[in-house]
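Every number in this text was worked out from the coordinates using simple rules, so none of it is lab data. Note that the coordinates shown come from a computational prediction; the quantities given were computed from them, not determined experimentally. Cβ placement follows ideal geometry from the backbone for every residue including glycine, while neighbour counts extend to all protein chains displayed.
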Amino acid sequence: MNENNVQFEADQKGISAQTIMNQSQARGMAGWLVKKGIIKNEANAKNVLVGIVFFDFIIAAVIVYFFVLK
């Protein structure tokens, strides 16, 4: 048994580490923000989107309180 003749099959998908590092894996709005260069990375893009949703809920609550309940 010769252990020095180990062979590995080549990656048939053709995806290299360099390709993965250069592409954003984020999808949806977070990916769009990163792709357009508005935000640097996916984590910050998601935080900004969560902040926008939170702000929208606050605005909706204010509108409901002043225009519907009063």
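Full extension of the segment from residue 6 to residue 27, taken as 0.36 nm per residue of separation minus the current Cα-Cα distance, would add 3.7 nm.
The string of couplings for the stretch 47-63 from the Karplus curve (6.51, -1.76, 1.60, θ = phi - 60°) is 5, 5, 5, 5, x, 5, 5, 4, 4, 4, 5, 5, 4, 5, 5, 5, 5 Hz, one whole number per residue in order, with x for Gly and Pro. Coupling constants for the stretch 27-40 follow from the phi torsions by the Karplus curve (6.51 cos²θ - 1.76 cosθ + 1.60, θ = phi - 60°), and in residue order they are 10, x, 5, 4, x, 5, 5, 5, 5, 6, x, 6, 10, 6 Hz; glycine and proline get x. Here the simple spin-label model places points 7 Å from the Cα toward Cβ, and for residue 50 and residue 67 these points are separated by 2.9 nm.
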